[in-house]
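Visitor: Once you've had a glance at the structure underneath, I'll fire off some questions.
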Amino acid sequence: MARIPDATALGERTIARGRAPIYEDRSSEIIGNALDRSAQQIGQAVEQFAAHDDQFNYARAKSALLSADVDTRKALENDPDWGTYEQRYTESMKKARESAVGLIRGRRSKSLFDDDARLDVERGTAEIRGLAKRKEVDWGRASLSEMMEANRSAALGAADEATRASFVRSTQDAIQGARGKQYISEQEAVSQRHAWSQSYAGGYL
């Protein structure tokens, strides 16, 4: 009986090898190059857009704004109302900014000035906030010293122990509160508690 040939009966087969070149996928490189070109084109467009079209008046406006910043800070430097420093600085610089931008006629220069002025005012506001904090710290330290001395004298002059104890607690609270406000450091708080207690005990004895 004839045997039906199978795959093994056909003998060893030779797999044809094509002559086509091996394909190298460079799609990601092509896309990357295209993106780089696009980014460069966008950057050039931005630079062209950002170029001044009224540079002289931009410089006038910038000078006016910076002068207003200097004058406003000087006016606040020795003002005792440190709690309103930031508010008054912001209001003053808003008016100065509105006045200065009116000097510029070019649209692109005016846009550049708006961005620059915002950064100038933010920087100035941070400086004013720091000045106000320093003024507050000076006031807090002076107030604490006055309170501690007043409490010591009052406690020593009190007629009963309960009142004296209340002055002691009030002094300790004042020192801890000053620490919480960052008027004094933790080391200073410990030192002042110790010094006040010794001074009070010495006077009481």
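Visitor: Are any residues in segment 136-151 under 36 Å from the mean Cα position of the chain (by Cα), of a type outside the set (Val, Ile, Thr) and open to solvent by less than 60 Å² (accessible area, probe 1.4 Å), and if so, which ones?
Guide: Hits for segment 136-151 are 136, 140, 142, 143, 144, 148.
Visitor: Do you know which of the residues in segment 179-200 that are of a type in the set (Gly, Ala, Ser) and farther than 16 Å from residue 138 by Cα is most open to solvent (accessible area, probe 1.4 Å)? Don't jump to the end; show me each part of the working.
Guide: Initially, segment 179-200 is screened for residues of a type in the set (Gly, Ala, Ser), giving 180, 185, 189, 191, 195, 197, 199.
Going one step further and asking which of them are farther than 16 Å from residue 138 by Cα, we end up with 191, 195, 197, 199.
Values: 191: 69, 195: 53, 197: 53, 199: 46 Å².
Out of the qualifying residues, it is 191.
Visitor: Which condition does residue 129 not pass, out of (1) in contact with a helix residue (DSSP H, G or I) (Cβ under 6 Å, 6 or more places away or on another chain); (2) charged (D, E, K, R); (3) more than 30 Å from residue 72 (Cα to Cα), if it passes all the others?
Guide: Of the numbered conditions (1) in contact with a helix residue (DSSP H, G or I) (Cβ under 6 Å, 6 or more places away or on another chain); (2) charged (D, E, K, R); (3) more than 30 Å from residue 72 (Cα to Cα), the odd one out for residue 129 is (3).
Visitor: Can you say whether residue 110 is within 20 Å of residue 76 (Cα to Cα) and among the charged types (D, E, K, R), as far as the supplied structure shows?
Guide: Numbers: within 20 Å of residue 76 (Cα to Cα): no; among the charged types (D, E, K, R): yes.
Answer is no for this residue.
Visitor: Kindly establish whether residue 76 is open to solvent by less than 50 Å² (accessible area, probe 1.4 Å) and under 21 Å from residue 52 (Cβ atoms).
Guide: Values: open to solvent by less than 50 Å² (accessible area, probe 1.4 Å): yes; under 21 Å from residue 52 (Cβ atoms): no.
No.
Conditions (1) assigned to a helix (DSSP H, G or I); (2) at pLDDT 95 or above, marked per residue:
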{"residue": "46", "(1), (2)": "yes, no"}
{"residue": "60", "(1), (2)": "yes, yes"}
{"residue": "93", "(1), (2)": "yes, yes"}
{"residue": "97", "(1), (2)": "yes, yes"}
{"residue": "104", "(1), (2)": "no, yes"}
{"residue": "111", "(1), (2)": "yes, no"}
{"residue": "125", "(1), (2)": "yes, yes"}
{"residue": "128", "(1), (2)": "yes, yes"}
{"residue": "146", "(1), (2)": "yes, yes"}
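Visitor: Just checking, does segment 152-163 include any residue being exposed (fewer than 13 other Cβ atoms within 10 Å of the Cβ) and in a loop (DSSP other than H, G, I, E, B)?
Guide: Yes, some residue in segment 152-163 is exposed (fewer than 13 other Cβ atoms within 10 Å of the Cβ) and in a loop (DSSP other than H, G, I, E, B).
Visitor: Can you spot a residue in segment 170-183 that is closer than 30 Å to residue 76 by Cβ, part of a loop (DSSP other than H, G, I, E, B) and touching a Gly at 6+ places or on another chain (Cβ under 8 Å)?
Guide: Taking every residue of segment 170-183 in turn, at least one turns out to be closer than 30 Å to residue 76 by Cβ, part of a loop (DSSP other than H, G, I, E, B) and touching a Gly at 6+ places or on another chain (Cβ under 8 Å).
Visitor: Do we have residue 83 as under 30 Å from residue 178 (Cβ atoms), touching a helix residue (DSSP H, G or I) at 6+ places or on another chain (Cβ under 9 Å) and open to solvent by less than 70 Å² (accessible area, probe 1.4 Å) here? Talk me through it step by step, then tell me what you get.
Guide: Numbers: under 30 Å from residue 178 (Cβ atoms): yes; touching a helix residue (DSSP H, G or I) at 6+ places or on another chain (Cβ under 9 Å): yes; open to solvent by less than 70 Å² (accessible area, probe 1.4 Å): yes.
Yes: the conditions hold for residue 83.
The values are calculated or read from the model by the stated rules, or taken from the named source; none is laboratory data. Model, not experiment: these values are computed from the prediction. Every residue, glycine as well, gets a Cβ built from its backbone with ideal geometry; the counts of neighbours run over all protein chains shown. These accessible areas exclude ligands, DNA and RNA; they are computed on the full protein's heavy atoms, side chains included. Shrake-Rupley method; radii C 1.70, N 1.55, O 1.52, S 1.80 Å.
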